[in-house]
Structure formats: C-alpha cells, structure tokens
1. If a residue must be within 13 Å of chain A (Cβ to nearest Cβ) and modelled with pLDDT of 80 or more, how many such residues does region B:6-31 contain?
2. Would you mind finding the one in A:254, A:324 that is more than 30 Å from residue A:416 (Cα to Cα), open to solvent by 10 Å² or more (accessible area, probe 1.4 Å), away from the ligand (no atom under 12 Å from the Cβ) and at pLDDT 95 or above?
3. Output the residues belonging to region A:328-345 that are more than 7 Å from the ligand (Cβ to nearest atom) and either out of contact with any Leu (no Cβ under 7 Å at 6 or more places or on another chain) or within 10 Å of chain B (Cβ to nearest Cβ) (or both).
4. Please go through region A:189-221 and give me each residue that is within 16 Å of the ligand (Cβ to nearest atom), assigned to a loop (DSSP other than H, G, I, E, B) and open to solvent by less than 40 Å² (accessible area, probe 1.4 Å), ordered by number.
5. Taking residue A:115, is it open to solvent by 10 Å² or more (accessible area, probe 1.4 Å) and within 30 Å of residue A:60 (Cβ to Cβ)?
6. For region A:279-321: of the residues being on the phi > 0 side of the Ramachandran plot and within 12 Å of the ligand (Cβ to nearest atom), which is farthest from the chain's Cα centre (by Cα)?
7. Filter region B:48-62 down to residues that are in contact with a helix residue (DSSP H, G or I) (Cβ under 6 Å, 6 or more places away or on another chain), at the interface with chain A (Cβ under 10 Å from one of its Cβ atoms) and of a type outside the set (Val, Ile, Thr) and give me whichever is surrounded by the fewest Cβ atoms within 10 Å (Cβ to Cβ).
Amino acid sequence: MINRRHVLIGGSALAAGSVLSAPMVRAQGKPKVVVIGGGAGGATAAKYIAKDSKGEIEVTLIEPKEAYTTCFHSNLYLGGFKTFDEITHKYDKLVSSYGIKHVRQWANAIDRDKKQVVLADGSRVAYDRLVVSPGIDLKYDSVAGWGKEHEEVMPHAWQAGPQTQILKKQLDAVKDGQTIVMIAPPNPYRCPPGPYERVSMMAHALKSSGRGKARIIILDPKENFSKQGLFQQAWEKYYPGLVEWLGPKVHDGIKSVDPKTMTVVTGFETYKNCALVNVIPAQRAGKIVIDAGLANQTGFCPINPENMASASDPNIFILGDASIAGDMPKSGFSANSQAKVAALMIRGELTKSRTFPARYANTCWSLVAPDDTVKVGGRYEPKPDKITAAETFLSKLDETPEHRKQVQTENIGWYAGITADMFT
Amino acid sequence: MKIIAAPAIASAAAMFTFGALAQDKPKPKGDVAFGEYLSSLCVTCHLPSGKAVGGIPPIVAWPEDQFVAVVNSYRWKERDNEVMQTVTAQLSDDEIAALAAYFGGLPNQPEVAK
Ligand SMILES: Cc1cc2nc3c(=O)[nH]c(=O)nc-3n(C[C@H](O)[C@H](O)[C@H](O)COP(=O)(O)OP(=O)(O)OC[C@H]3O[C@@H](n4cnc5c(N)ncnc54)[C@H](O)[C@@H]3O)c2cc1C
C-alpha cells in the first residue's frame with residue numbers, strides 16, 4: 001500500500017510538472033498551505049496563494065460555512081439599503097477557478113509540532129505553512145447577566161449571519177416612542193466605527209418609517225470613539241433627540257442586564273422594558289489561535305510586521321482581527337491587505353518566487369445618513385516593533401453634501417471590489 | 001528524462017507566444033509581473049474586469065502613458081481624492097510603470113462580474 005501510494009503521488013507530480021513546467025515539483029508532492037477561516041483574511045489569502053502560484057502550491061481552505069455573510073455593509077442591511085442576499089457570498093468560485101480545496105469543517109486544534117490541523121471529525125490535514133484568520137470570539141462573560149444563551153433575546157450581531165437577521169427583525173418591531181439600548185464594546189474590538197455606524201442606520205430606519213420618537217441610548221465603556229466628532233455632528237443634524245451617547249463618566253458603569261425583563265442597569269439609571277438591547281461584548285481572537293498558544297495576555301496574536309507570521313511560530317501566519325497589527329484597525333479592508341502580504345511571502349518561502357517589501361492599507365467608510373458617508377484610512381509600513389501608520393486621512397466636519405454623496409459612491413464601489421477580490 | 005524535457009518544451013512555447021505577441025502590440029514599458037503583484041493594492045476597489053461600480057472608475061486597457069500621468073496626478077496631490085492620494089503616495093516611477101503595463105494589458109470586459 002505504501003509503495004503504491006508513493007507511486008501515485010509521484011505520478012501525479014510528474015504529470016503536473018510536464019503540464020505546468022513547474023520547477024519546484026518535488027518527489028513528495030507540492031508544498032501545502034492550509035487556511036483556517038474563509039473570511040476577509042482567509043478567503044483572500046487562499047485565493048492569492050492559489051492564483052499566483054499557478055498550481056505549484058496545494059491550497060486547502062477549512063471553513064464550515066457554505067456562504068459567508070459580511071459584517072461590512074451589514075449596517076446598510078439594517079438601514080434598508082441592502083438585502084441579506086447582497087451581503088452573502090458563496091465559496092464555489094474559489095474552488096472552480098483556482099482549484100482550492102474547500103473542507104466544510106470546523107478546525108478543532110493546531111498540532112504545531114506535527115504541523116497538522118485537527119478537524120472536527122478527528123481527521124488531520126498536514127501543512128507546510130498555515131494561515132489562520134479566525135476573526136473574533138465574543139467574551140460572553142464580559143457583561144453581567146448576559147451570556148451565549150441570551151444572544152437571541154439581546155443580540156450582538158457582531159458576527160454576521162443569523163444574528164444580523166435577528167437584530168433587523170427586532171429593529172423592525174420597535175414602536176414609536178420605545179427605547180433601544182446599545183452596549184458598546186471596550187477596546188480592542190473589530191471595526192472601531194462599526195457600533196456608531198450601526199446606531200446611525202438604526203436611527204435612519206426609525207426616522208424614515210414614522211418612528212422618530214423612539215430613542216437610542218448608547219452606553220459606552222470608552223471615554224471616546226472612532227470618528228466621534230463626525231458621528232455626533234451627523235446625529236445632531238439628522239436625528240436630533242433620537243440618539244444619545246453616554247460615556248463612562250455619565251452612566252457611571254454598565255452594571256448588569258436582565259434579558260427576562262429587557263432591563264439594563266447602569267450606575268446612573270435603570271432602563272426598563274427596552275424594545276431592543278444590542279449587547280456588543282468585549283472580544284478576543286478566535287479560540288483556535290488562543291488554544292494553540294499563539295496569543296498573548298491581550299487575547300490577540302503578536303505577528304512579525306514584515307510578513308504577518310506569528311511571533312512565536314514562523315510556519316503560521318495570523319491575519320485580520322485575530323492579529324495585533326499595530327496601527328491598523330481591525331477591519332475587513334485591513335485583513336484583505338494583510339492577506340496579500342502573507343500570500344506573497346508564503347509563496348516566496350515555498351516556491352522561491354519574487355517577494356517585495358510589505359505594504360498595507362485600510363479605508364473604513366461609515367454611512368451616517370442616506371448619501372452622507374464619512375471615511376477614515378491610511379497606509380501602513382512594517383517597522384521593527386509594529387505595523388506603523390505612514391499616512392492617514394479622516395473626513396472633515398465641514399464637507400459639502402455633494403462631497404459626502406460622492407464618498408458614499410466610493411463605499412458602494414469598494415464593497416463590489418473587495419467581495420470580488422475575496423470570492424471570484 | 002521526461003521531467004527535464006518538459007520545461008524545455010514549455011519555455012520554447014513561451015518564447016513562441018511572446019514572439020507572436022510582440023508583433024501585434026508594442027512591448028509594455030513596465031514590468032508586467034511586478035505590476036500584477038502591485039495590482040493587489042488596487043483591486044480591493046477597482047474591478048479587474050473593467051466594470052465601474054458606484055464611484056470606483058475602471059482602470060483597465062488604458063494607454064500606458066495616460067495611466068502613468070493620471071496616477072502621478074494623485075501621487076503629487078494635484079487631483080484630490082484621499083484614498084487615491086494615500087494609495088499612490090509611496091509608489092515609485094518603476095512601480096507606476098509596472099502598474100500601467102499590467103492594467104493596460106487587461107481586456108476590458110465589464111460584463112464579467114469580476
Ligand atoms: C457591524 C460591522 C460592520 C463592519 N463594517 C466594516 C466595514 O465597513 N469595512 C471593513 O473593512 N470592515 C468592517 N467590519 C470589520 C470586518 O467585518 C472584520 O474586521 C473582518 O471580517 C475580519 O476578517 P477576519 O478574516 O479576521 O475574520 P472573519 O471575516 O470574521 O472570518 C473568520 C472566518 O473564520 C471562520 N472560523 C473561525 N474559527 C474557525 C475554525 N476553528 N475552523 C474553521 N473556520 C473558522 C469563521 O466561520 C469565519 O468565516 C465590520 C464589522 C462589523 C461587526
């Protein structure tokens with residue numbers, strides 16, 4: 001059996017060699033890259049490694065889902081600007097166009113000594129290089145009174161999918177004059193402007209459907225937040241009296257929630273009979289990288305700024321929200337950018353293809369009202385201690401309506417671009 | 001024997017194709033392979049099919065000189081768009097030439113949903 005198997009592998013390697021004239025084909029077969037997680041980081045990395053290695057590297061994507069719903073533009077779905085189908089994307093083209101093997105399973109563990117991934121069914125997949133982009137896990141114990149068993153009553157919708165639909169359904173059911181509470185997350189968390197774009201979209205949905213007397217209270221554990229001046233200006237302008245942001249000095253601590261009575265207790269006030277409570281808890285990297293010992297005490301993973309390799313294991317690359325990417329925010333754009341750097345460096349290591357110094361970029365657009373979008377972004381360079389911002393920009397408070405409308409068209413175009421970049 | 005022979009045939013074929021192409025079209029000034037790598041910085045927003053969506057214009061199949069001139073106008077902050085200014089700020093002349101060569105050689109096929 002062993003001999004026959006060797007012959008078979010050798011035979012297929014020879015065949016591939018003569019078709020593709022691949023110089024790197026070795027007796028033991030092609031180098032293997034395994035990618036855990038088919039999100040913004042993982043899908044991009046799998047695609048670029050498979051596409052650019054032109055068959056020289058075998059790429060396996062481990063992702064249980066058949067389709068991925070993006071968190072990005074999930075707030076536009078809440079606001080009524082996109083359908084759920086429009087923010088959901090299948091993996092089939094990654095398989096048919098690039099020969100990526102999609103294993104529809106959860107990865108349970110990484111066996112770093114053997115260089116293998118252990119799947120939910122107990123089988124193992126060997127790797128030469130491993131890419132892990134598992135996104136975040138929620139800290140279900142970070143808000144007193146709330147846990148996983150309450151996420152359908154008080155949804156987080158911070159991992160897109162059914163949660164996003166539950167939140168939308170609850171928002172649609174809010175009646176005029178009722179109260180919505182959002183508990184915002186502490187740093188660091190995925191998508192710094194995300195909670196505040198969400199509030200803007202909820203306010204728009206309420207106001208545009210004759211429910212302008214409802215109110216949204218944001219209880220924030222942070223003293224300040226991303227694009228704060230821009231968001232607060234927009235809330236004053238478009239939704240006066242509808243949105244109220246309370247920092248820790250005002251609410252004096254988020255004490256507890258009670259999902260049975262829809263109550264939220266702070267040091268300052270008790271909000272009873274809320275129509276909707278959106279709990280966005282504290283976050284850490286996906287469990288798999290924490291179990292593998294790749295994270296530090298912050299709950300996220302230190303990386304080498306030159307190539308996104310784990311600071312503690314050069315065969316493992318950690319992308320996206322799970323990584324500590326210095327000045328880069330945890331965003332889909334960042335994860336996609338990091339994935340391209342890692343893909344280039346991994347190909348260089350495995351097939352000796354040309355590599356170039358890493359370049360990273362990010363832009364996050366936030367829709368604050370129909371045709372009014374603000375943006376923040378920058379480009380980033382590897383420095384010895386961390387990925388460092390080289391140049392950044394932020395929308396200004398006094399931009400014209402025409403300009404803001406133009407910026408929204410960029411946001412729409414970018415979404416088409418990044419999702420095509422990830423999935424086609 | 002086979003494994004030695006195969007690359008030789010493949011590279012002969014590649015030279016042949018290249019020769020045929022060179023007659024149809026002038027050789028690009030920039031390094032196309034380098035441009036393909038750098039293009040990953042651009043296709044987060046610009047669709048490689050040449051389809052325009054929203055405020056992101058198509059950038060494929062342009063004459064190289066025109067492409068270089070427009071990209072330089074963002075790099076030198078003559079045209080103002082923050083995302084384009086930021087993404088082009090660190091590009092060198094060679095890199096812009098490489099991008100012009102790569103994108104210039106892509107067919108414009110906006111009907112492909114890519
Ligand atoms: C409301 C909201 C709005 C946002 N808006 C924007 C925006 O406008 N622009 C932007 O750039 N970003 C935005 N983001 C942030 C963006 O969604 C994330 O930063 C991005 O998805 C991170 O990519 P990732 O690859 O790290 O993780 P993810 O995209 O979450 O992908 C992780 C994948 O890994 C899989 N996975 C995890 N563990 C395992 C395992 N053990 N085995 C197998 N599979 C596993 C999961 O199923 C998942 O599909 C937003 C986020 C939210 C919540």
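1. Of the residues in that region, 1 qualify.
2. Working: A:324 fails: more than 30 Å from residue A:416 (Cα to Cα).
The match here is A:254.
3. Of everything in region A:328-345, those that are more than 7 Å from the ligand (Cβ to nearest atom) and either out of contact with any Leu (no Cβ under 7 Å at 6 or more places or on another chain) or within 10 Å of chain B (Cβ to nearest Cβ) (or both) turn out to be A:328, A:329, A:336, A:337, A:339, A:340, A:341, A:343, A:344, A:345.
4. Let us first name the residues in region A:189-221 that are within 16 Å of the ligand (Cβ to nearest atom), namely A:189-205, A:216, A:218, A:220.
Still in the list and also assigned to a loop (DSSP other than H, G, I, E, B): A:189-193, A:220.
Listed by number, the residues that qualify are A:189, A:192, A:193, A:220.
5. Values: open to solvent by 10 Å² or more (accessible area, probe 1.4 Å): yes; within 30 Å of residue A:60 (Cβ to Cβ): yes.
Yes; evaluated as a whole, the condition is true for this residue.
6. From region A:279-321, those on the phi > 0 side of the Ramachandran plot are A:293, A:299, A:308, A:320; that's our starting set.
Adding the requirement that they be within 12 Å of the ligand (Cβ to nearest atom) leaves A:308, A:320.
Numbers: A:308: 16, A:320: 7 Å.
Among them, the one singled out is A:308.
7. Kept after step one, since they are in contact with a helix residue (DSSP H, G or I) (Cβ under 6 Å, 6 or more places away or on another chain), are these residues of region B:48-62: B:53-56, B:59-60, B:62.
Add one more test, that the residue is at the interface with chain A (Cβ under 10 Å from one of its Cβ atoms), and what stays is B:53-56.
Those left that are additionally of a type outside the set (Val, Ile, Thr): B:54-55.
Values: B:54: 17, B:55: 19.
Only one residue tops the list, namely B:54.
Residues checked against (1) within 21 Å of the chain's Cα centre (by Cα); (2) in the same structural domain as residue A:243 (by TED's automatic domain parsing); (3) charged (D, E, K, R):
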position	(1), (2), (3)
A:86	yes, no, yes
A:102	yes, no, no
A:116	no, no, no
A:120	no, no, no
A:130	yes, no, no
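The values are calculated or read from the model by the stated rules, or taken from the named source; none is laboratory data. Here the structure is a predicted model, which means the values were calculated and not measured. All Cβ positions, even for glycine, are placed from backbone atoms using ideal geometry, and neighbour counts span all protein chains on display. Ligands, DNA and RNA are stripped out before the accessible areas are found, and what is left, the full protein with its side chains, is counted by its heavy atoms. Shrake-Rupley method; radii C 1.70, N 1.55, O 1.52, S 1.80 Å.
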